[in-house]
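> Below is one structure. I have some questions about it.
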Amino acid sequence: MRLLFRAMGRYKKAVAICIVIKLFGTLSELLLPYILEHIIDNVAPLGNLWLAILWGLLMFAAAVVCRQLNVTANRRGIATAHRVSYDIRQELFQKTANLSGSQFDAFGLPSLISRMTSDSYNVQSAVQQFQTLCVRAPMLLIGGVCVSLAMDSSLAMILVAMLPVLIAVVLAVSAKGLPMYRRVQQKLDVVVRVMRENITGIRVVKALSKTEYEKRRFAQSNQDMTDSDIAAGTVMAIPSPFMQLCLNGGLTLVVLFGARRVNAGVMEPGVILAFLTYFNMITMGVMGLSRIFMTMSRAGASADRIDQVLQTEADQRTLSADDALTPAGDEFIRFEHVSFSYGEGDGGSAGFAGEEREKALTDISFALKKGESLGIIGPTGCGKSTIISLLMRFYDAQDGGVFVDGRDVRTYEKDELRRKFGVCFQNDMVFQDTLRENVRFGRDVDDAAFRAAIEDAMAAEYIDALEDGSEHQAAIKGANLSGGQKQRLLVARALAAKPEILVLDDSSSALDYKTDAAMRRAIRENHEDATLIMIAQRVSSIMGMTHILVMDNGKCVGYGTHEELMERCPAYRETYQVQMGEMGRK
């Protein structure tokens, strides 16, 4: 709940104004039964029509003021709640964008999505109710009790005797509901994960005729969440019927004893009528408190989940030169005996505490001078992409050192380090925007640089053939582009800013050999100052590189030029012979 009050603190003036308006609106509402009682007991017996009309107009004016103040307070409360929710989503998005790879893995993408959507909405509802219902309900309760005591203390004691029991029930149920709503949100994370997997892989699901299987899988996760939500809702609904029973019983006693007091001449009829109205207000106040506790229990669970992300401390700090490792050579890029396991180190313990993790990389070493190139090849899952993740400091190595331009990568500010790179990752993202903006990607890329990038990436041919050219709108994830068109567009994005280090991670798998060769030739000729790292499955894509790193099961099984590896690396030689044989047959 700290998040709730911290977020509202930025708008304390608006919250205070809303509360004051709601306070006066509720006071106006409390005046209405009192005026009615005065009209019945004091004005009506006088038989003065104009006096009755005057008091009737006063009651009408109080009702109008009550309505207008409550409407104004509700509108202001909604506006402030939306602003608070906006701030929380912005802060959560910024924090998520700055999480390390290990922290991101520990939270999980589905959980982060549900915290951004469902949890932030629950907090928004709580902020709105805090400014309106949290004022009105206690005021109706306390004000109704106070006025009732002033009007007839004997009858009022019937209600006063019930209040401690009612409040105790509400508090006990709320304490039970908070952990239950946490479980509901965790189940929602699973629903989001299954839904995301199916939306992302819908073509595979349909191609393998697994639609019914996935429906059953989603139905199971959906049922689990629904069962948890029903259980939490059932517990939180306990106070409502209990309160209704107690309050209706109290109301019956009020009518019974009130009628006897009227018959005995010790109470005016208007008093019991006003008393019944106040009793109804008190009932609304108690029920409002029950609703508040329900909303706050759900919002408290959601706020804690959001705050868990926001309060996550950075696990990758920027080191000073004194604390950093010193490279053994002066090459532009160096890996020195690097080992790494996902789930270990400062950031990964949250998701894998106490587990022994298989190493993704073991004792990897290589060095590149500025302008040289490195090809990385090996079977799927052998650690090729992990090398790039360590180089760009998405993760920190547990052993060894990673160096760029003579510095430990941990001494760079992250933006400073990553501005050196132009990257095209495996399964990279095409955004729903124009082709031009997908290449520019918010960077200062002029028309000449854009044109050069799409030509070097062999994308100019198909872009120019489009009726609207580079202003053509790409669909979500580039669904209206072929695999080869998307890859060439993404390579153009990597080239557009003339990076010092160009990383191409399996970026030509959808290209034919001719286009792949032409693109590599253009990159070699027009980006000769860039240090190139290319991950590929094809030997033909990397055989012209200055250095080639052959990976298998997280280990280096070969390093050298194409000719050297053909002589002394059986794994590389076998891959070359198989692939070149296939090319020959084609």
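The values are calculated or read from the model by the stated rules, or taken from the named source; none is laboratory data. Predicted model, so just to flag it, every value in this text is computed and none were measured. Because the Cβ atoms are built from the backbone with ideal geometry, glycine has one as well, and the counts that use them run over all protein chains shown. For accessibility, only protein heavy atoms count, side chains too; no ligands or nucleic acids. Shrake-Rupley method; radii C 1.70, N 1.55, O 1.52, S 1.80 Å.
> Send over a whole-number figure in Å² for the accessible area per residue of the chain, probe 1.4 Å.
With all protein chains present, the chain gives 50 Å² per residue.
> Let me know the charge dipole size of the chain about its Cα centre in debye, to the nearest 20, where only the beta-carbon of Lys, Arg (+1) and Asp, Glu (-1) is charged.
That gives a dipole near 2180 debye.
> Considering only DSSP beta bridges where both residues belong to the chain, give the percentage that are antiparallel (nearest 5). Provide the component values of the computation, followed by the final result.
On the way: 18 of 36 bridges.
DSSP beta bridges in the chain are roughly 50 percent antiparallel.
> Shifting gears a bit: Explain nothing, just the number: relative contact order of the range 164-304, from Cα pairs under 8 Å at least 6 residues apart, as a whole percent.
The normalised contact order for the range 164-304 reaches 43 percent.
> How many nm separate the modelled label positions at Leu325 and Leu149, each set 7 Å beyond the Cα in the direction of the Cβ?
Label at Leu325, label at Leu149, 7.2 nm between them.
> Let me ask something additional. Counting only protein heavy atoms, what percent of the accessible surface of the range 534-586 is carbon or sulfur at a 1.4 Å probe?
49
> Report, in degrees rounded to the nearest 10, the 0 to 90 angle that the Cα long axis of helix 211-236 makes with the longest principal axis of the chain.
30
> Here is a follow-up. Residue separation times 0.36 nm, minus the C-alpha to C-alpha distance between Gln90 and Ala259: what's the value? Intermediate results must be reported in sequence, preceding the final value.
On the way: separation 169, 0.36 × 169 = 60.84 nm, distance 5.95 nm.
Gain on extension, Gln90 to Ala259, equals 54.9 nm.
> For the range 432-586, what's the relative contact order in percent, using C-alpha pairs closer than 8 Å and at least 6 residues apart?
On the way: 184 pairs, mean separation 29.0, N = 155.
Across the range 432-586, relative contact order equals 19 percent.
> What is the calculated FRET efficiency for Leu46 to Thr72, with r their C-beta to C-beta distance and R₀ = 25 Å, to the nearest 0.05?
The pair Leu46/Thr72 has a calculated efficiency of 0.10.
> Within the accessible area of the range 134-246, what % is carbon and sulfur when the probe is 1.4 Å and the other protein chains stay in place?
Within the range 134-246, the accessible surface is 67 percent carbon and sulfur.
> Then there is this: Roughly what angle does helix 153-200 make with the longest principal axis of the chain, taking Cα atoms, 0 to 90 degrees, to the nearest 10?
Rounded to the nearest ten degrees, it is 20.
> Another question about this same structure. If you place +1 on the Cβ of every Lys and Arg and -1 on the Cβ of every Asp and Glu, how big does the dipole about the Cα centre of the range 462-586 come out, in debye to the nearest 20?
Details: 15 positive and 18 negative charges, 59 e Å.
Around 280 debye, computed over the range 462-586.
> So what's the angle, to the nearest 10 degrees on a 0 to 90 scale, between helix 120-131 and the longest Cα principal axis of the chain?
Between helix and principal axis, roughly 30 degrees.
> Moving on to the next point. Considering only protein heavy atoms and a probe of 1.4 Å, how much of the accessible area of the range 301-443 is carbon and sulfur, as a whole percent?
Carbon and sulfur atoms account for 44 percent of the accessible area of the range 301-443.
> Determine the relative contact order of the chain: mean sequence separation of Cα pairs under 8 Å and six or more apart, normalised by residue count, in whole percent.
The normalised contact order for the chain reaches 14 percent.
> If you put +1 on each Lys and Arg Cβ and -1 on each Asp and Glu Cβ, how big is the dipole of the range 79-188 around its Cα centre, in Debye rounded to 20?
Around 260 debye, computed over the range 79-188.
> Determine how large the accessible area of Glu564 is when every protein chain is in place; take a 1.4 Å probe and give Å² rounded to the nearest 10.
Answer for Glu564: close to 70 Å² accessible.
> Using alpha carbon centroids, what distance separates the range 267-295 and the range 383-429, in Å?
65
> What's the extension gain from Ile230 to Asp529 if we count 0.36 nm per residue and subtract their Cα-Cα distance?
Separation in residues times 0.36 nm, less the Cα-Cα distance, equals 101.4 nm.
> Which parts of the range 292-336 would a label at Lys414 reach, counting a residue when its backbone N lies under 19 Å from a point 7 Å out along Cα-to-Cβ?
Output list for this probe position: 306-320.
> Could I ask something else about it? Under 15 Å from a label point 7 Å along Cα→Cβ of Ala314: give me every residue in the range 364-393 with its amide N that close.
Answer for the range 364-393: 393.
> Here's something else I'd like to know. Calculate, in nm to one decimal, what Phe218 and Ala161 gain on full extension: separation in residues at 0.36 nm each, minus their alpha carbon distance.
Roughly 15.5 nm would be gained on extension.
> State the label only: which of [x] 74, 73, 52; [y] 74, 59, 52; [z] 116, 57, 55 corresponds to Cα extents along the principal axes in Å computed from the shown model?
[z]
> While we're looking at this one, here's another question. Please give the solvent-accessible surface of Ser341 in Å², to the nearest 10, using a probe radius of 1.4 Å with every protein chain present.
That residue has around 0 Å² of solvent-accessible surface.
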